[in-house]
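Okay, structure first, notes after.
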Amino acid sequence: MQSEMDLTQIRAQFPALDTHVYGKQLVYLDNAATAQRPLSVTELASRLALEENANIHRAVHHLAALATDRYEGTREKVRAFLNARESAEIVFTSGATAAANLVAFSFGEAFVHEGDEVVVSVAEHHSNIVPWQMLCARKGASLKVLETDEKGLLQPDALEKCISERTKIVAISHISNVLGLVNPIKQLVQKAHQFGVPVLVDGAQGIVHEQVDVQELDCDFYLFSGHKLYAATGTGVLYGKREWLDRMPPFMGGGEMIHTVRFSGTTYAPLPQKFEAGTQNFNAVPTLVPAIDLVLAFRSSEAVIREQKAILDYVLSAFSADDRIVLYGHAPEVKIPLFSFAVKGAHHEDLALILDKMGVAVRSGQMCAEPLMDHLGVSGLLRASFAPYNTLEEARYFVQCLNKAMDMLI
Amino acid sequence: MTLEEKKQQVIEDFSLYDEWLDKYEYLIELGKSLEPFPDDKRTEEHLIKGCQSRVWLDAEKRDGKLYFRADSDAIITKGIISLLISVYSGRTPEEIAADDFGFVADIGLKENLSPTRANGLVSMIETIRNFAQNG
């Protein structure tokens, strides 16, 4: 992949962007829910299914070796992408939700007992709340809630107040899928570590917008989904420090995750296979390779960086100039181009429905973050989330359509 | 006007608009003109399940006929329920229960709504039908 691409070249790799809906050019601004897929990903997925399909790790035949190399090569690619110490610290899952459940179960089995506490933030996606609630119910532990500051950011001082001698783990997002602000993860991790508490970072949005170095952040777990990062659906990554993963029991039992199986007892495979029970998604996981290449190309593209900045500045200024719009998550210096907002006097669903008919795909509702909606005192919001393939022109069209929709409704 | 005539009229009214945005304008107007919903009926019991926005529906029987009142916090949804009410209010339970609600598909409402909205529409129809069946 060339290191410098312009927007036209980038967009050409995503056929979905050229779609028309209701006779209008599609403007896809629901990237925080899932990104569109590039040809490099779909072509690889198709080729693997048609030409390199064999179950990994087991058989000695040629195709199995090819598929295994692809799969393990992907693990090394992800390791380098996150700068993990070793590829054994990279566990493939079906997505961020599965990764969060894995940690909540396995870490919980090993380390959480009755009367213990787990800290989550108020701005978490349900996927980083419910698994912890389930763990707490199972163990008789309790959930403590870290609130955001007035801008919508998680702060180390506030975290300190949530930590007690019973706190076993802190689970927080790198970037909230509603607020779109980059939390000071390194400082938050440092704070938790001062008290000997490990930190899980939900990177579902963070990995898309930020360069992540897990050794630099020093987080204990980092997880994300492939599909928000242009890879195939059903792929996900859990990074965990070996010191934790080694001491956690398996999440699921089955093939692949075992060393020996006897009715008198079973011993488990070493990392990372211990956490990869059953047939893995070997046709899809390797699509993380072209997806990561694309992410790296986006990050080194001046054109993309310029356009993203222009979109951010334009939408922030258009929204602040319109007193009908209330934006949530307002800290321009750490804001990604993800805008959740309410319109006074208009229901988010009506707005989304009208925008849809103009070709603009945005999200409406609670965005899998009901506790945050309650905290903000809203029944739901509208969210426009931009990807590196989106253009300033699309942002302008979106704002123009939003104005028209508001005029119809208010 | 008979039920059939009324349905035909709604289909004709709706077909006046080619563009979906114009149809929405029409629904928004219908929603705005819906008579106010009594506050004491705005309860969990009258809330229709399956809608993303909140929809309340209540029925009253007078002289053997059902009269509906409804509300929603989203205006397009309110327009849709208003449309349904205008067709089915003042009919006998037997008449409503025997109807197939096919005109909703004829005006293209179901296909052109988002999936959550379409589910909501199905729930609204089910609720009206339930009121009729329970008589």
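None of the figures in this text is laboratory data; all of them are computed from the coordinates on show. All figures in this text were calculated on a predicted structure; none of them were measured in a lab. Glycine gets a Cβ as well: all are built from the backbone with ideal geometry, and neighbour counts include every protein chain shown.
The table below lists the values:
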| read-out | value |
| --- | --- |
| Sequence-distant aspartates and glutamates (8 or more away, or on other chains) whose Cα lies within less than 17 Å of A:K151 | A:E124, A:E333, A:D374 |
| Cross-link partners of B:K65 among aspartates and glutamates (Cα-Cα below 12 Å; sequence separation of 8 or more within a chain) | B:E94, B:E95 |
| DSSP bridge orientation in chain A - percent antiparallel, rounded to nearest 5 | 60 percent |
| Inter-label distance for A:A80 and A:S300, nm, one decimal - labels placed 7 Å from Cα along Cα-to-Cβ | 1.1 nm |
| Protection-proxy order for peptides A:144-152, A:239-247, each taking the mean of Cβ atoms within 10 Å per residue, highest first | A:239-247, A:144-152 |
| Theoretical FRET efficiency, 1/(1+(r/R0)^6), r = Cβ-Cβ of A:E216 and A:M134, R0 41 Å, to 0.05 | 0.85 |
| Value of [θ]222 nm, deg cm²/dmol, for chain B, DSSP H segments ≥ 4, -39500 (n - 2.57) each, nearest 500 | -15500 deg cm²/dmol |
| Average Cα contact separation per residue, chain A, under 8 Å, 6 or more apart, as relative contact order % | 23 percent |
| Greater than 31 Å apart at Cα, pairs in A:K139/A:K161; A:K344/B:K6; A:K191/A:K228 | A:K344/B:K6 |
| B:Q133-A:H375 FRET efficiency (beta carbon distance; Förster radius 51 Å; 0.05 resolution) | 0.75 |
| Virtual spin-label span in nm between A:Q187 and B:T2, 7 Å along Cα→Cβ | 7.5 nm |
| Length added when fully stretched, A:R247-A:D18, from 0.36 nm per residue minus Cα-Cα | 77.6 nm |
| Over chain A: helical MRE at 222 nm, DSSP H runs n ≥ 4 each giving -39500 (n - 2.57), nearest 500 | -12000 deg cm²/dmol |
| Cβ neighbours within 10 Å from other chains - mean over B:23-30 | 2 |
| Where labels lie 7 Å past Cα in the beta-carbon direction, separation of A:R166 and A:V261 in nm | 4.0 nm |
| With Cα atoms, 0 to 90° folded angle of helix A:130-139 axis to chain A main axis | 40 degrees |
| Length-normalised contact order of chain B in % [C-alpha pairs under 8 Å, at least 6 apart] | 27 percent |
| Span from the the range A:305-322 Cα centroid across to the the range B:23-91 one, whole angstrom | 40 Å |
| FRET E, pair A:E72, A:S142, Förster distance 25 Å, beta-carbon r, rounded to 0.05 | 0.05 |
| In range of the label at B:D100: residues from the range B:1-21 whose backbone nitrogen is under 19 Å from the point 7 Å along Cα→Cβ | B:3-12 |
| Members of B:K7/B:K78; A:K357/B:K78; A:K357/B:K23; A:K144/A:K274 lying beyond 20 Å, as alpha-carbon distances in this model show | A:K144/A:K274 |
